[in-house]
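So the structure is just underneath, and the comments pick up after that.
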Amino acid sequence: MLESLVFYALAACILGFGVLVVTARNPVHCVLFLVANFLCVAVVYVLLAAEFLAVIQVLVYAGGIVVLYLFVVMLVNLRRAPDAPLDTRRQSRLGFTLAALMLAEISAILMYSAVRPASAVASAPERAEGGNVEIVGMMLYTDYLVPFELASMLLLVAMIGAILLARKEL
């Protein structure tokens, strides 16, 4: 009973902080509300006995990502009106086509996961001797190796694209 009450209180805090992130006028306050949101999510992970995910949530999101957001907020002058002209090289048809392809792919994945039998769904093994970290590591580097590598390649491409966009002389 107490666990349910704590969960619902945390869910309300997460929703409240999410609304505050979107509606706050000061960008620094938005980032601080985002940190509070991430910390509440970490507490939910602790309630679910996923301590490893809670630590990763705090270290990666509440630590690294938020620091990156703060640097961007401090470096970019948000008060100044944009003076750059509209880019005439925009390829809106290509963007629309790629968005439609992504929507079709996500729809196909959702339909496939809805119709496949429940026995084919991979389930995590019961709590082993090593605990959560060993289970997550074994599943990540055996069953989910290809999606893990694809996600890392996607992040690498996004990082290179952000660097190229940030360069002034291009």
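Any read-out appearing in this document is the output of simple, stated calculations on the displayed coordinates, not a laboratory observation. In this text, all values refer to a predicted model and were calculated from it rather than measured experimentally. Using ideal geometry, Cβ is built from the backbone for each residue, glycine included, and neighbour counts are taken over all protein chains shown.
General observations
- When the inverse distances between all different Cα atoms of the range 1-78 are averaged and flipped, the Kirkwood radius reads 13.2 angstrom.
- Inter-probe distance in nm under a simple model that places probes 7 Å from Cα toward Cβ, at residue 72 and residue 139: 2.9
- The range 130-150 and the range 1-69: distance between their alpha carbon centers, rounded to Å: 24
- Neighbour counts of C-beta atoms inside 10 Å place 71, 38, 148 in the sequence 71, 148, 38, starting with the fewest.
- Among 54-62, 153-161, the order from most to least packed when residues are scored by Cβ within 10 Å on average: 54-62, 153-161
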